[in-house]
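These notes are about the structure you will find just below.
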């Protein structure tokens, strides 16, 4: 709901929703009065349609707690009918994060957020920007015989993501990109030939899809971020290893959005500077 509601309309909304909630729970006026600690006559007054008076915040809160609905719903501040427990369950959840490419859950979230900006801090180089050889090097040890099939399915999904109406902003630590280009750390053992093909793809994609795709590099010595993806205003998923910690409540999604936007504002390398920076580090890597 939006806009200012007249106090008479809000009082009427409260009465109707209180009646509806009591009917849903099969709770009588006497039972509700006992639960919220008032006289039965007080509950009768709450249910009568005479006047514009709303109960005080204490009574509204007690009714919400007794009947299992949010105070916002009773007051007409939201049309979402979930119980308090359901609101809590939907606002924060843990979802399994298999060691895979674009897994089913991530792909579903991308589809749900089609048309919204996607903000992404990956755990390593983002899968959506990797060559097939790079995917095989990284995932074949975990996928075994199914690697070829999984990579094929992943490529189809990544192609859909690239063609979606969403804008993508990706923020990466400088050290992650430098380690890859030099074949150090996580990327030790990755052949120069494979790294060169991946480097060339990064250059091509960052130019071809700009400005719909923007990649920023931030200095992890000054700023830190856990891997996180923010799907427009809908949800944010923080990667914690074997699970995603998923937030759907507006306050936390906005807080993580502000965190990401801070990474972008403080980025050492902007999306426009990225190609030249990649070329410079690649030359230095020899």
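Things worth noting here:
- Any hit, segment 82-100, residues being surrounded by fewer than 15 Cβ atoms within 10 Å (Cβ to Cβ), touching a helix residue (DSSP H, G or I) at 6+ places or on another chain (Cβ under 7 Å) and at pLDDT below 85: yes
- Residue match in segment 105-124 (condition: assigned to a helix (DSSP H, G or I), under 30 Å from residue 20 (Cβ atoms) and modelled with pLDDT of 80 or more): yes
- The set of residues from segment 10-24 being touching a helix residue (DSSP H, G or I) at 6+ places or on another chain (Cβ under 7 Å) and surrounded by 15 or more Cβ atoms within 10 Å (Cβ to Cβ) comprises 14, 15, 17, 18, 21, 22.
- For segment 162-173, taking the residues that are outside any loop (DSSP other than H, G, I, E, B) and surrounded by fewer than 19 Cβ atoms within 10 Å (Cβ to Cβ), the one that is modelled with the lowest pLDDT is identified as 162.
The values are calculated or read from the model by the stated rules, or taken from the named source; none is laboratory data. Since the structure is predicted, the reported quantities are computational estimates derived from the model, not experimental observations. As a convention, Cβ positions derive from the backbone with ideal geometry for all residues, glycine included, and neighbour counts pool all protein chains shown.
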